[in-house]
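Structure, as structure tokens:
The values are calculated or read from the model by the stated rules, or taken from the named source; none is laboratory data. This one's a predicted model, so the numbers in the text were calculated from it and none came from an experiment. Virtual Cβ from ideal backbone geometry, glycine too; neighbours counted across all protein chains shown. Side chains included, ligands, DNA and RNA excluded: accessible areas come from the protein's heavy atoms. Shrake-Rupley method; radii C 1.70, N 1.55, O 1.52, S 1.80 Å.
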Amino acid sequence: MTELRAELRTFLLGWFEQYLPGGAYFWYDILVLCWIALFAIVLHLIIKNTAKHLLKGRFSERILQPGSKTPADLALKLARNISFVFQGAVVVIQARLWIPADNSFLHTIEMVTDQWIILFSLLSLFSLLDIFQAISDRRAVRAHFPLRGLLQTIKLIASVLTCILAVSILMNKSPLILLSGLGALSAVLLLVFKDAILGLVAGIQLSANNMLAVGDWLEMPKYGADGDVIDIALTTVKVRNFDKTITTIPTYALISDSFKNWRGMSESGGRRIKRSIHLEMSSVRFLDEHELSELRKANLLTEYIDSKIAAINVENANQDMSCLLNGRRLTNVGTFRHYLIALLKQHPKIHNNMTLMVRQLEPTNKGLPIEIYTFTNTTVWAEYEGIQADIFDHILAILPVFNLKAHESPTGSDIRSLSLGKH
């Protein structure tokens, strides 16, 4: 200590010995502790208010509302933690200035402040990482890299190293000694941090292969997940289902199990319609001249019927058409299929640059399936369902025009009607 501090210490010890005999050193240590605490509190308030003033100059008051997870609030938290680190350093410096080096009280203060500095240094690192995460979350377009999982991994590693450093200081041993002893506990550590390790590896694979990102529509029936990904963390992935429930999936399950990512559909600009209408096979037949003349009035069928009739007439020139087995004829279901193709091609909500077809599937006991396979020019769910419903409303309504009937299984009313008819 300098000469001035030595004289002041001597004066205070003499004064305490005069008025408080027998406890001069104790009361001197209490006075020094009060002075150090007061100095640290004043320093903390100065740093905190300065940081808050600087942040107010850069962010609006709305962003600085307490409780909100914004970079500004996290920056205030970072400044507060850093101020606590400085407080610990100041306490150590002040204690060494006013307390002799061979005093056990100084050793206690140094031990406590070292733990204090380590703790708030770790919390400062956490706050800095949270700021990076908050800035990433506020971006309009988020990267596919699993930043949250990486930051959580850094926090986990930093926490383990900090605990080792804190214990080494308490034991007055080198941290390398503790690290060398962890080799025997490696199996235990692998078991304890199994989920974290698997989650980190899975997150890297998801990022490297561009398999999943926040905002993607994920479907994973095994876990009951069908909705938007809202968070990709170190060990879990959160999915907000369309019924507004939250499903939590282990990150490594996305690598070990299969899932469906609808991102490709969203980015393509078109969503597939693949639905069949089942026709009664007994209603399938050839069209006669009267029916052809009526169907020809339809704008979507005029060109098709004219071209087909011309081609059929050429092929049937030398055929005995009185027999239905001879020559070619138009059928109601074939004409119906071509009408649907023409209808879809001119539909304003159908994507013309994607696959469009109407195909006949294998007949079953449920009738003859006619499948519509096309894409809408929107991926918005509500609009897609409306377009699909409008198309099939129209299809069901025009079936009688082609003398076709939709197949449906007998209902209870049908059975009762048959029963009453017998009586």
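Restricting things to Cα coordinates, could you compute the convex hull volume per residue of region 295-339 in Å³?
Cα convex hull per residue, to the nearest whole number: 72 Å³.
Long-range amide H contacts for F375: which residues qualify at under 5 Å (H placed 1.01 Å from N, peptide plane, sequence gap of 5 or more or a different chain)?
I273, H351
Distance from the Cα centre of region 353-423 to that of region 32-49, in angstrom?
Result: 79 Å between the Cα centres.
Would you mind working out the magnitude of the charge dipole of region 297-384 relative to its Cα centre, with +1 at each Lys and Arg C-beta and -1 at each Asp and Glu C-beta, to the nearest 20 Debye?
Here the size comes out at about 120 debye.
Pop out the ³J(HN,Hα) list for region 272-286 in order, Karplus 6.51 cos²θ - 1.76 cosθ + 1.60 with θ = phi - 60°, rounded to Hz; leave Gly and Pro as x.
Those phi angles translate into 6, 10, 9, 9, 10, 10, 9, 9, 5, 5, 6, 8, 7, 7, 6 Hz.
Which whole-Hz ³J(HN,Hα) couplings does region 37-47 yield from phi under the Karplus relation 6.51 cos²θ - 1.76 cosθ + 1.60, θ = phi - 60°, glycine and proline marked x?
Computed from phi, the couplings for region 37-47 are 5, 4, 5, 5, 5, 4, 4, 4, 5, 5, 5 Hz.
Work out, step by step, the length gained on full extension between E315 and A37: first 0.36 nm times the residue separation, then minus their alpha carbon distance; give nm to one decimal.
That pair, E315 and A37, stretches by 89.3 nm at full extension.
Would you mind counting up the charge near N316? Only other residues with Cβ under 11 Å from its Cβ, with Lys and Arg at +1 and Asp and Glu at -1. Don't jump to the answer; show the numbers that get you there.
Details: positive: R328, R329; negative: E315, D320.
Around N316, the charge tally is 0.
Report, ordered by chain and residue number, the lysines lying within cross-link reach of K48, taken as a straight Cα distance under 20 Å and ignoring same-chain residues fewer than 8 apart.
K56, K69, K77
I'd like the accessible area for K77: 1.4 Å probe, protein heavy atoms, all chains in place, Å² to the nearest 10.
90 Å²
Please list C323, C163 from largest to smallest accessible area, probe radius 1.4 Å, with all protein chains kept in place. Working shown, then result.
Numbers: C323 50, C163 85 Å².
Putting C323, C163 in descending order of accessible area: C163, C323.
Which residues does the label zone of H338 cover in region 290-312, counting backbone N under 11 Å from a point 7 Å along Cα→Cβ?
Inside the label zone: 296, 301-312.
Long-range amide H contacts for A233: which residues qualify at under 5 Å (H placed 1.01 Å from N, peptide plane, sequence gap of 5 or more or a different chain)?
Close amide H contacts, sequence-distant or interchain: K238.
Whole-Hz ³J(HN,Hα) for each residue in region 358-373, computed from phi via Karplus 6.51 cos²θ - 1.76 cosθ + 1.60 with θ = phi - 60°, x for glycine and proline: what do you get?
Per residue, the Karplus-derived 3J(HN,Hα) values read 10, 10, 9, 9, 5, x, 10, 5, 9, x, 9, x, 10, 9, 8, 10 Hz.
How big is the Kirkwood radius of region 212-357, worked out from every pair of different alpha carbons and given in Å to one decimal?
Working: mean 1/r = 0.0499 Å⁻¹.
Hydrodynamic radius (Kirkwood, Cα only) of region 212-357 equals 20.0 Å.
At a probe radius of 1.4 Å, what is the per-residue accessible area of W262, in Å² to the nearest 10?
60 Å²
Could you rank the peptides 270-280, 167-177, 347-357 by their average count of other C-beta atoms within 10 Å per residue, with the highest value first?
The densest-packed peptide leads the list: 270-280, 347-357, 167-177.
On full extension of the chain, what length is gained from V380 through N209, given 0.36 nm per residue of separation minus the C-alpha to C-alpha distance?
Length difference between fully extended and current span is 58.9 nm.
Go through region 193-256 and name the trypsin sites (Lys or Arg not before Pro) that are in a DSSP coil and have 11 or fewer other Cβ atoms within 10 Å of their Cβ.
Those satisfying the criteria are K244.
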